[in-house]
1. Calculate what fraction, in whole %, of the accessible area of the stretch 3-80 sits on carbon and sulfur atoms when a 1.4 Å probe is rolled over the protein chains.
2. Given a 1.4 Å probe, how much area per residue of the stretch 3-80 is accessible, in Å²?
3. How big, on average over all directions, is the shadow cast by the Cα convex hull of the stretch 1-82, in nm²?
Amino acid sequence: MPGLYCPTSWTPLPLTDSCVRAYAKGPCLSLRARLTYHNPQPQPVEGVFVYPLAEAEVVSGFEAEAAGRRVSFQLHSRRRSQAACCRAL
């Protein structure tokens, strides 16, 4: 299932709000989602966002904000991204 998980126990964090917009243009689909999760723990937790993709699907950009800190990326070249991912492993 897609969602935000606590990696120590792989339990999902509760989704409290969502707004999803999809745009179709020819064979392409663009999806924007604003998802708000709740941390039920009194201390901060590390999270892993899981969104399974089919082999032909690609994420071209992603942005996340937690505790006022924003992290984002934008894909410029699928080949370069795959190479960087392999080096990280």
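The values are calculated or read from the model by the stated rules, or taken from the named source; none is laboratory data. None of these values were measured; they are calculated from a predicted model. Ligands, DNA and RNA are excluded from the accessible area calculation, which covers all protein heavy atoms including side chains. Shrake-Rupley method; radii C 1.70, N 1.55, O 1.52, S 1.80 Å.
1. Result for the stretch 3-80: 53 percent of the exposed heavy-atom area is carbon or sulfur.
2. Numbers: 6960 Å² over 78 residues.
In whole numbers, the stretch 3-80 has 89 Å² accessible per residue.
3. Its Cα hull, projected and averaged over all orientations, spans 7.0 nm².
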